[in-house]
1. Residues 214, 292, 255, 224: which one is open to solvent by less than 10 Å² (accessible area, probe 1.4 Å), closer than 20 Å to residue 312 by Cβ, at pLDDT 95 or above and away from ligand 2 (no atom under 16 Å from the Cβ)?
2. Going by what's in this entry, would residue 268 be described as more than 9 Å from ligand 1 (Cβ to nearest atom), open to solvent by 10 Å² or more (accessible area, probe 1.4 Å), on the phi > 0 side of the Ramachandran plot and not charged (D, E, K, R)?
3. Which numbered condition trips up residue 127, out of (1) assigned to a helix (DSSP H, G or I); (2) of a type in the set (S, T, N, Q); (3) in contact with a Gly (Cβ under 9 Å, 6 or more places away or on another chain)?
4. Restricting to the range 131-159, name every residue that is within 21 Å of residue 409 (Cα to Cα), open to solvent by 10 Å² or more (accessible area, probe 1.4 Å) and either hydrophobic (A, V, I, L, M, F, W, C) or out of contact with any strand residue (DSSP E or B) (no Cβ under 8 Å at 6 or more places or on another chain) (or both).
5. Which residue, of 374, 333, 341, is among the charged types (D, E, K, R) and open to solvent by less than 30 Å² (accessible area, probe 1.4 Å)?
6. Read through the list (1) within 23 Å of residue 250 (Cβ to Cβ); (2) under 17 Å from the mean Cα position of the chain (by Cα), then give the number of the only condition that residue 223 fails.
7. Can you find even one residue in the range 108-130 that is surrounded by 24 or more Cβ atoms within 10 Å (Cβ to Cβ) and within 30 Å of residue 281 (Cα to Cα)?
8. Go through the range 80-101 and give me each residue that's away from ligand 2 (no atom under 16 Å from the Cβ) and not in a strand (DSSP E or B).
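The values are calculated or read from the model by the stated rules, or taken from the named source; none is laboratory data. Since this is a predicted model, take the numbers as computed values, not measurements. Quick reminder, even Gly has a Cβ in these numbers, built from the backbone with ideal geometry, and neighbours come from all protein chains shown. To get the accessible areas, we keep the full protein, side chains included, count just its heavy atoms, and leave off ligands, DNA and RNA. Shrake-Rupley method; radii C 1.70, N 1.55, O 1.52, S 1.80 Å.
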Amino acid sequence: MSSYLFASSPCSVSRFSLLLGSSLPFFGIKSSAPRFTRLRHTAKSWAHLWTRSSSKLFSALSSPPPAYDDVIMLGIETSCDDTAAAVVRGNGDILSQVVSSQADLLSRYGGVAPKMAEEAHSLVIDQVVQRALDDAKLTGNDLSAVAVTIGPGLSLCLRVGVQKARRLAGVFNLPIVGVHHMEAHALVARLIERNLQFPFLALLISGGHNLLILAHKLGHYLQLGTTIDDAIGEAYDKTARWLGLDMRKGGGPALEELALEGDANSINFSIPMRQHKDCNFSYAGLKTQVRLAIESRKISMEHNPISLANLDDRRSRADIAASFQRVAVLHLEERCQRAIEWALKIEPSIKYLVVSGGVASNKYVRARLSHVVENSGLELVCPPPSLCTDNGVMVAWTGIEHFLLGRFDPPPPADEPEDAMFELRPRWPLGEEYSQGKSEARSLKRARVFPSLTSMIQGSVQN
Ligand code: KG4
Ligand code: ZN
């Protein structure tokens, strides 16, 4: 039997179609998926019924599911520049959370260099995971399963986390849950707001993504909007670098801080994509406007630390930062406003807008979006900053949600070779596009390697 999430073929595309064409569902087993009842069986007893033969797999799943409280999930995240791990209980208790950031590397090299990021992950992954287990006062024996981000993200980086997860799962005979990074950003909101039921609307804003998603149910998402070029986090990071800010604390946070000193109306940057009445985003044009504004003020874009700027120069940079932030966020506000209208037409019962991803930790973003939400009668759910930026808790929690529905892979062999090939999904949409939401302002950056998570799950349900 082939594994559902981790194929052993080096060619992910062909491997993938093979999996979809097989009689086995791809992401878990719907027909025998256990019902959500609170039973006395421990997570361990359920999960450990695993064997690598498919017939036993089905019989394992026909046994009752574990109680929420009994599930203990380790989550591992290495999709970009943070190495993170956490242990979370099925009832939402966070038992530990560890993040090792590569901000220093980023500030030295001006961005994420995949090979360097991979090395940095490899250097710390064992310690980060061990620390997460130690802080939770647990060993691998106490875990029900391991959840790990398998995409989207940088292949080299994803591989480090997946390898670690498989090694650990192999040694302790634990099932594995492969997690979609952006789904994890959205679902972590359900951990902190327990009233947050499906369906809900989510704005996910990070370094690589800008997504407006209507979450119908677990694993079923409709994409109302996405970015046609850069994500907002990328625009924050670039602007911060050009303005000579201290990138060690992260471009976004540094820019947010400087913007407090500036006049947000001093420069009239134009708001992106106003002529397109959809929910898509674009930040490339705003970046160009910022660069021109910096050049016209004779601010050097090379070796220009703000710590060396005189008062006038600092003021000028703060004005650019504040004006950029006002327009970058206004673009979010306008798109959210429209997405709320669309979402209420599609799913009139939605009550919440979730805002998550690294940029959602920004106070100005949170304040502005809370106005949008108030005016539309919805409620805003914004996870605390430590759960907005990349973290292991969101991966563990998403793992728990899928695990409880029977969506997971059997334990890998304990003696899996170091150089085994796994299926990773560097480009992996979360949901299908809303047909009315397609922008005429299309970018070519849309090559899809994998079908969306939603289509995979729906395919497995039909099977
Ligand atoms: O979700 P995340 O941690 O990683 C990705 O999945 O990309 O998001 C990282 C992005 C970076 O671009 C970072 O500068 C931005 O989130 N960010 C912020 C703030 N904190 C992090 N942007 C604006 N203001 C912040 N306070
Ligand atoms: Zn992220």
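1. 255
2. On the way: more than 9 Å from ligand 1 (Cβ to nearest atom): yes; open to solvent by 10 Å² or more (accessible area, probe 1.4 Å): yes; on the phi > 0 side of the Ramachandran plot: no; not charged (D, E, K, R): yes.
No: the conditions fail for residue 268.
3. Unmet condition: (3).
4. Passing the criteria: 139, 141, 153, 155, 159.
5. Numbers: 374 fails: open to solvent by less than 30 Å² (accessible area, probe 1.4 Å); 341 fails: open to solvent by less than 30 Å² (accessible area, probe 1.4 Å).
Result of the check over 374, 333, 341: 333.
6. Going through the list (1) within 23 Å of residue 250 (Cβ to Cβ); (2) under 17 Å from the mean Cα position of the chain (by Cα), residue 223 breaks only (1).
7. Checked the range 108-130: at least one residue is surrounded by 24 or more Cβ atoms within 10 Å (Cβ to Cβ) and within 30 Å of residue 281 (Cα to Cα).
8. Scanning the range 80-101 gives 90, 91, 92, 93.
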